[in-house]
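Taken together, the values in this text are just the output of simple stated rules run on the coordinates, not laboratory data. Predicted model, so just to flag it, every value in this text is computed and none were measured. Every residue, glycine among them, receives a Cβ derived from its backbone with ideal geometry; neighbour counts consider all protein chains shown.
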Amino acid sequence: MRAHLPAAFRAVLDFAYYSGWRRNEILYLTFSEVDLAAGVVRLSAGRSKTEAPRLRPLSEPLRQVLARRRKRRQAGDGRVFERDGVPVRAWRYALRDGCARAGVPHRLLHDCRRTAARNLVRARVPERVAMVLTGYKTRSLFDRYNIVNERELFKAGDQLVAYLKRR
């Protein structure tokens, strides 16, 4: 589906997938908030839904997304995610059309937020750190997005059996 999106929308999708940030935190991201040399994005309290400032160290995929956007930047562009000098909007329609062209079920940008939360936990990042990186303020919301699937339930049974055999 990603391949069926315009470049600016692919960049938004990639940033969402690797950061787990909310749509408006991404779409309104400005170059003044990005420090590629230091490898961080600094989101001010007023720009965060939770009204808490956030520091986001850049993983290599995030750094690449932002470096490509900076390279494509036109004079006067304030926002990172612009297309032809106009801030990326109509995200919902671009995603809907991209999914249709790819022949996959409709997805939401917010699905990337859930995926990022799950991926961080599965990568064994401490949950509290994952919450801060993705901007979750409460444990209950984070737990709601960290969905357990059937494969993990079966794996847990196998892990229990292996543990009991070692005892």
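Structure values in brief
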{"read-out": "Cβ-placed point charges (K, R +1; D, E -1), dipole of the stretch 2-163 about Cα centre in debye, nearest 20", "value": "280"}
{"read-out": "Length-normalised contact order for the chain - Cα pairs under 8 Å, 6+ apart - percent", "value": "27"}
{"read-out": "Which of Gly85, Tyr18, Thr50, positive extreme of dipole for the chain (C-beta unit charges)", "value": "Tyr18"}
{"read-out": "Rg/Rg_globular for the stretch 10-107, with Rg_globular taken as 2.2 N^0.38 Å and Rg from C-alpha atoms", "value": "1.10"}
{"read-out": "Difference of contour (0.36 nm per residue) and Cα-Cα distance, Lys137 to Leu153", "value": "3.1 nm"}
{"read-out": "Between helix 60-72 and the chain: long-axis angle, C-alpha atoms, 0 to 90°, nearest 10", "value": "10"}
{"read-out": "Global geometry of the stretch 80-159, whether rounded, prolate or oblate, following the gyration tensor of its Cα atoms and the 1.5 cut on a/c", "value": "oblate"}
{"read-out": "Value in Å of the Kirkwood radius, where the stretch 41-81 supplies the Cα pairs that are averaged", "value": "11.6"}
{"read-out": "Rg to Rh quotient for the chain, alpha carbon positions, Kirkwood Rh", "value": "1.04"}
{"read-out": "The stretch 26-99, relative contact order [Cα under 8 Å, separation at least 6], %", "value": "31"}
{"read-out": "Helix-derived mean residue ellipticity, 222 nm - over the chain, DSSP H n ≥ 4, -39500 (n - 2.57), to 500", "value": "-16000 deg cm²/dmol"}
